[in-house]
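The values are calculated or read from the model by the stated rules, or taken from the named source; none is laboratory data. Predicted model, so just to flag it, every value in this text is computed and none were measured. Ideal geometry is used to build each Cβ from the backbone, glycine not excepted, and the neighbour counts take in all protein chains shown. In case anyone asks, the SASA skips ligands and DNA or RNA and just uses the protein heavy atoms, side chains included. Shrake-Rupley method; radii C 1.70, N 1.55, O 1.52, S 1.80 Å.
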Amino acid sequence: MSLARRDLLRALAVAALPPPGRAASTEPAANFPTEPRARLAVTSYPFRAFIESPTNPNPKRPSMDMTGFPRFVAEQFGVFNINPLLAHFKSTDPGYMQKFRRALEQARSHIVDLGLGGGAFYANDESSRQAAVESGRRGIEAAVQVGSPSVRQHVSGAEKPDVDRAAQSLGRLAEYGAKRNVVINLENDDPGPEDPFFLVSVIEKVDNPYLRSLPDFGNSHIGHDDNYNRRAVAAMLRHAYDMCHIKDVVSGRNGQQIHVDLPPLFQLAKRSGFRGYFSMEYETEAGDPIAGTKRLVEISLQCLSRTT
């Protein structure tokens, strides 16, 4: 890739989204890039074993601090958008967060989403729901500090999912996100509390443009067939704003590897009018995350070139 082309892609990525923390309008607005490579991002999850963080006391070598992740992604994959998890940051102190932002600028990269942990948003106990909302608010403030326009908020819980209680709690979080100009994304991850059709019901009940979906192209294949996965992705895409997660392999409940047919899912994204980013999230149990992510980048570029 030529230096001029790299500079163009960096500029497209960095200029795409309005600054979080600024007073927001009634709904989020972004000028997303259209060039295929500029629409790609890489999440930190597949590289968690190599990142020095409180959740990984014994990282593999060579290890890196999260401040090194933007440059790593740019150099390894030619991608200038990242989708890190907050749990992978060594600290959330203001000084460290500023150091991370400087690292982003030096790599000419951009953070497009910040992954948060789980919250008991539909728990029977009101104090647990309040704790989930407060944790989400802290995550939104962290997003403002690092310049992320959205957060991926996990929903957790051992009880039977309840749409009304979840909508009440997440509606309050969406109101806070609107004040800070940060979108809250819900991902179809854990098959119980994050069942795609449950999440869609919650999003539709809240009816706030700052509460959106983050379709994962593979997660709903676990325990289901290809047809179910496509229906799940299609339902999530109706409420997606700025993020999709891309994987071509998932590990089933019995450890078997399930292939994800990506081209039809990219076609679904196009037909839905989705204009946001596609973040590579390679399944680490399937092999080396560097080689696997490079393959995902190439597949995604091929799919996007056919659908643009």
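Being farther than 25 Å from GLY218 by Cβ and either hydroxyl-bearing (Ser, Thr, Tyr) or open to solvent by 60 Å² or more (accessible area, probe 1.4 Å) (or both) narrows it down to one of SER135, SER156, SER148, so name that one.
SER135
Could you please give the count of residues in segment 292-308 that are among the small types (Gly, Ala, Ser) and within 19 Å of the chain's Cα centre (by Cα)?
So the count comes out to 2.
Filter segment 205-226 down to residues that are touching a Gly at 6+ places or on another chain (Cβ under 9 Å), modelled with pLDDT of 95 or more, assigned to a loop (DSSP other than H, G, I, E, B) and open to solvent by 10 Å² or more (accessible area, probe 1.4 Å), then give me how many there are.
The qualifying residues number 2.
Taking segment 258-308, which residues are among the polar types (S, T, N, Q) and at pLDDT 95 or above?
Selection gives GLN267, SER272, SER279, THR293, SER300, GLN302.
Which residues, counting only those in segment 253-308, are within 21 Å of PHE32 (Cβ to Cβ) and of a type in the set (Lys, Arg)?
LYS270, ARG271, ARG275, ARG306
I'm checking my understanding of the structure. Among residues of segment 30-70 that are more than 16 Å from the chain's Cα centre (by Cα) and of a type in the set (Val, Ile, Thr), which one is surrounded by the most Cβ atoms within 10 Å (Cβ to Cβ)?
So the residue we want is ILE51.
If we keep just the residues of segment 255-291 that are under 18 Å from the mean Cα position of the chain (by Cα) and part of a helix (DSSP H, G or I), which is surrounded by the fewest Cβ atoms within 10 Å (Cβ to Cβ)?
That would be THR284.
Consider SER305 against the criteria (1) touching a residue at least 60 places away in the same chain (Cβ under 8 Å); (2) part of a helix (DSSP H, G or I); (3) among the polar types (S, T, N, Q); (4) closer than 30 Å to ALA167 by Cβ: it satisfies all of them except one. Which criterion is unmet?
(4)
Take segment 90-110 and flag every residue that is buried (at least 20 other Cβ atoms within 10 Å of the Cβ) and in contact (Cβ under 8 Å) with a residue 40 or more places away in the chain.
Of everything in segment 90-110, those that are buried (at least 20 other Cβ atoms within 10 Å of the Cβ) and in contact (Cβ under 8 Å) with a residue 40 or more places away in the chain turn out to be PHE100, LEU104, SER109, HIS110.
Every residue, every condition in (1) closer than 24 Å to ALA30 by Cβ; (2) touching a helix residue (DSSP H, G or I) at 6+ places or on another chain (Cβ under 7 Å); (3) of a type in the set (S, T, N, Q), yes or no:
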{"position": "ASN58", "(1), (2), (3)": "no, no, yes"}
{"position": "MET64", "(1), (2), (3)": "no, yes, no"}
{"position": "VAL73", "(1), (2), (3)": "yes, no, no"}
{"position": "LEU86", "(1), (2), (3)": "yes, yes, no"}
{"position": "MET97", "(1), (2), (3)": "yes, yes, no"}
{"position": "ASP113", "(1), (2), (3)": "yes, no, no"}
{"position": "ALA120", "(1), (2), (3)": "no, yes, no"}
{"position": "ASP125", "(1), (2), (3)": "no, no, no"}
{"position": "ARG137", "(1), (2), (3)": "yes, yes, no"}
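Would you point out the residue of segment 167-189, among those that are open to solvent by 30 Å² or more (accessible area, probe 1.4 Å) and without any contact (Cβ under 8 Å) to a residue 60 or more places away in the chain, that is farthest from GLU126 (Cα to Cα)?
Checked segment 167-189; the qualifying residue farthest from GLU126 (Cα to Cα) is ASP189.
In segment 57-68, what residues are farther than 16 Å from PHE100 by Cα, touching a residue at least 12 places away in the same chain (Cβ under 8 Å) and among the polar types (S, T, N, Q)?
SER63
Any residue in segment 230-245 that is of a type outside the set (A, V, I, L, M), more than 23 Å from SER44 (Cβ to Cβ) and buried (at least 21 other Cβ atoms within 10 Å of the Cβ)?
Scanning segment 230-245 turns up no residue that is of a type outside the set (A, V, I, L, M), more than 23 Å from SER44 (Cβ to Cβ) and buried (at least 21 other Cβ atoms within 10 Å of the Cβ).
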